[in-house]
Amino acid sequence: MDNRETIKVDDVRQDPRFFAAADKKTGYETRALIAVPLLDGDACRGVIEFINPEDRTCFSDADVALSEYFAGLVASTLYRMEMAETAVRSALIQRDLDIALEVQRGLLPKVFPPFEQYGGLDVWGLCDPALEVGGDLYDFFPGPDGKLFFLIGDVSGKGVGAGMFMAQTRTSMRGVARAGGTPADILEEVNGLLHPDNEALLFVTTIFGCYDPATGEIEYAQAGHNQPVLCSQAAGVAYEPYGGSPIGPFPMANCATIHAKLSPGDCLILYTDGVTEAMNASKQLYGEDRLLAFASAIAKDSSKNIATALREDVAAFVDGAEQSDDITILVLRRV
């Protein structure tokens with residue numbers, strides 16, 4: 001097996017390599033043998049032995065040739081069996097990933113509220129994972145006194161582990177928010193739920209906010225997430241302040257409370273770093289300047305068109321390069 005060579009032994013009693021213990025244990029007497037490696041390209045899958053030819057004292061060269069031919073058939077069969085087992089395992093894994101993806105999609109909003117439900121607020125979001133299952137999330141749901149809670153988040157890493165932590169985060173936020181409180185208070189309590197069992201030290205950058213349809217006022221807690229873009233008819237297009245740190249890995253949360261206001265025609269674009277850090281084949285990033293220019297050109301469009309057009313603009317920029325991170329966009333626009 002080490003040398004990948006056929007060995008023919010005419011008399012095993014004269015060959016010190018022969019393992020005589022097997023004969024002693026079984027009572028079988030080995031006189032001559034051929035040992036042939038099971039070769040599959042550069043790989044050796046094992047060795048097959050032929051022992052004691054009938055009516056002869058030793059094997060012939062023709063026996064060696066036939067043995068090597070037979071060993072090739074065995075090696076090929078073993079390879080096909082392994083490929084079949086691999087295909088079955090891959091199919092089972094893919095089935096589990098498909099189920100996980102469907103579960104994750106089920107956690108994201110599918111129905112967006114009509115304009116009149118929140119005083120003329122146009123809301124739209126999308127999530128495009130880099131792998132079958134991603135760690136990004138966005139959500140919105142009714143808050144107290146007719147207000148709207150909204151959030152966007154990005155779990156460290158990608159794949160199933162990040163997706164599970166994403167689901168835990170989203171569920172915790174909804175549960176804690178039912179009792180009310182400021183966005184910062186809610187995030188601090190959610191952090192208290194995530195941290196104790198977070199042995200993998202995963203973290204979530206997030207923005208959790210509350211929109212008041214009566215005034216257009218927004219109060220949100222910033223926890224180390226990408227700065228939103230506020231498109232104001234009066235003040236122009238600019239990034240909101242950065243602040244806070246991700247929740248999850250530390251016992252205490254550090255969230256920054258930020259206030260904004262949407263006047264009619266204004267919009268707030270929230271996104272994950274899969275947008276600004278999208279990279280083309282030349283290793284160039286989509287970047288914050290490009291996002292700001294995009295927002296300036298499309299700020300007066302509907303939330304749905306803004307979100308989908310931004311995703312398309314990122315896709316056009318990377319021009320077929322592999323998506324390296326989840327892309328999530330949430331747009332709030334006051335009509």
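Coordinate-derived values only; no laboratory data. Since we're looking at a predicted model, the values are computed, not measured. FYI the Cβ positions are ideal-geometry reconstructions off the backbone, even for glycines, and counts take in every protein chain you see.
What the table below lists for this structure:
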{"item": "Residue with peak Gaussian network fluctuation, the chain [Cα springs, cutoff 10 Å], from 47, 318, 275", "result": "47"}
{"item": "5 angstrom amide H check on residue 327, placed H, neighbours 5+ away", "result": "128, 130"}
{"item": "0 to 90° range, to nearest 10: angle between helix 183-194 axis and the chain longest Cα axis", "result": "20"}
{"item": "Highest-MSF residue in the chain out of 325, 266, 197 [GNM, Cα springs under 10 Å]", "result": "197"}
{"item": "Value at 222 nm in deg cm²/dmol, rounded to 500, when DSSP H runs of n ≥ 4 in the chain each add -39,500 (n - 2.57)", "result": "-11500 deg cm²/dmol"}
{"item": "Burial order of peptide ranges 24-36, 53-65 (average beta-carbon count within 10 Å, highest first)", "result": "24-36, 53-65"}
{"item": "Size descriptor, Kirkwood hydrodynamic radius, that averages inverse alpha-carbon separations across segment 120-230, Å", "result": "14.5"}
{"item": "Contact order normalised by residue count of the chain, Cα under 8 Å, 6+ apart, percent", "result": "15"}
{"item": "Cα lying deepest toward the dipole's positive end in segment 168-304, options 303, 275, 258, charges on Cβ", "result": "303"}
{"item": "Folded to 0 to 90 degrees: helix 303-318 orientation relative to the chain principal axis, Cα", "result": "40"}
{"item": "On Cα atoms only, tilt of 287-298 relative to the major axis of the chain in degrees", "result": "50"}
{"item": "Inverse of mean 1/r across different Cα pairs in segment 108-334, Kirkwood, Å", "result": "17.5"}
{"item": "In order through segment 244-249: 3J(HN,Hα) via Karplus (6.51 cos²θ - 1.76 cosθ + 1.60), integer Hz, x for Gly, Pro", "result": "x, 9, x, 9, x, x"}
{"item": "Segment 216-335: proportion of alpha-carbon pairs further apart than 21 angstrom, %", "result": "42"}
{"item": "Rule-of-thumb Rg ratio for segment 7-97 [Cα; 2.2 N^0.38 Å; N residues]", "result": "1.48"}
